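Following: one structure in structure tokens, then a few remarks.
The values are calculated or read from the model by the stated rules, or taken from the named source; none is laboratory data. From a predicted model like this one, the values you see are computed outputs, not experimental measurements. Note that each Cβ is placed from the backbone with ideal geometry, even for glycine, and that neighbours are counted across all protein chains shown. Note: accessible area is taken over every heavy atom of the protein model, side chains too, but ligands, DNA and RNA are not part of it. Shrake-Rupley method; radii C 1.70, N 1.55, O 1.52, S 1.80 Å.
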Amino acid sequence: MRVPTGIPGFDELIEGGFIEDDVILLTGGPGAGKSTFGIQYLYEGVTRYNEPGVYVTFDESPARIMRNMWRHNWDLERLIKENKLRIIRTDPLRYSRYIKRLNTDEKVDAEEKTLESVLAQIYHNVQQIGAKRLFIDSITTLKLSRDPVSVRFILLEFIKSIEGLYCTTLISSENKYGPDTFNVEEYLAEGVISLNVSRIGSERVRSIEILKMRGVKHDESIHPYRITDAGIVVDSHESLLGQKADVFRSTPQKKENIDEFR
């Protein structure tokens, strides 16, 4: 079964929608529109497809999110009152520090306890409203350890646990490119969507690329998108592939470094 995002122009690129219950990663730098994309996915799910959704934020407060989304005429507060949407805020970093202060026993794994707490909170809210869609913003916050092995374990456990919720899930992640960068979440997710922003002179150029989508014959071109008063709109009929190809990354880099990630 397919789950349409409801985002104009995007579903045409993925044969009509995501595969039900898949976990999809949404990457991009600051200002790329990751939160807007994810909230639009939830909002369209409720208003067009009658699918309740849960938004998990690790950074912004629910009040600020609801206020910011009024720009697109999305009345999130009404959907919350109708019990069709939940916005929950959790702070893994603060909770991890609390666990460490509370426990002097070296056997207590603060990161593992934090992960259990976050997952329990998500599970509780998903079950309460029978959510079918989930948006988590962003998984970068869960990288609590400086040890790459621990980070890989945390993200693996988190994504595998999320898969068991039977929600079609979007998870955002910050782009952090470099010679030593290993973004394990890109390998664990069933699909990866990249939102990129560049500036050419006085013009800001936004582009979207589907890096992978398992089980789906997806479009492999780079397409422009806009953030309008009605939300994100993807121009599925225009391709930017081969045009100014060295500018479609959020962080300025040398062209040879960019090519490694295509």
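Structure notes:
- Each residue in the stretch 6-55 was checked for being more than 20 Å from Ile227 (Cβ to Cβ) and of a type in the set (Ser, Thr, Tyr), and 1 pass.
- Residue count for the stretch 130-162 under the criterion of being in a helix (DSSP H, G or I) and of a type outside the set (Asp, Glu): the result is 18.
- Arg226 modelled with pLDDT of 95 or more and surrounded by fewer than 18 Cβ atoms within 10 Å (Cβ to Cβ): yes
- First in the stretch 170-193 and more than 12 Å from Ile139 (Cβ to Cβ) and open to solvent by 30 Å² or more (accessible area, probe 1.4 Å), second anywhere and modelled with pLDDT of 60 or more and of a type in the set (Phe, Trp, Tyr), Cβ under 9 Å, 6 or more apart: Glu190/Phe18
- Every condition in (1) in a strand (DSSP E or B); (2) at pLDDT below 85; (3) among the hydroxyl-bearing types (Ser, Thr, Tyr) is met by Ser198 except one, and the failing one is (2).
- Just one of the numbered conditions (1) at pLDDT below 95; (2) outside any loop (DSSP other than H, G, I, E, B) is not true of Val192: (1).
- Residue list for the stretch 50-66, restricted to those being within 17 Å of Ile88 (Cβ to Cβ) and open to solvent by 50 Å² or more (accessible area, probe 1.4 Å): Asp59, Glu60, Ala63, Arg64
- Leading residue by the ranking (least open to solvent (accessible area, probe 1.4 Å)) among those in the stretch 1-49 that are assigned to a loop (DSSP other than H, G, I, E, B) and free of Cβ contacts under 8 Å to residues at least 24 places away in the same chain: Gly17
- The requirement of being at pLDDT 95 or above and either under 22 Å from Ala189 (Cα atoms) or in a loop (DSSP other than H, G, I, E, B) (or both) is not satisfied by Leu79.
- Residue within the stretch 103-112 that is out of contact with any Phe, Trp or Tyr (no Cβ under 8 Å at 6 or more places or on another chain), within 20 Å of Arg89 (Cα to Cα) and modelled with pLDDT of 80 or more present: no
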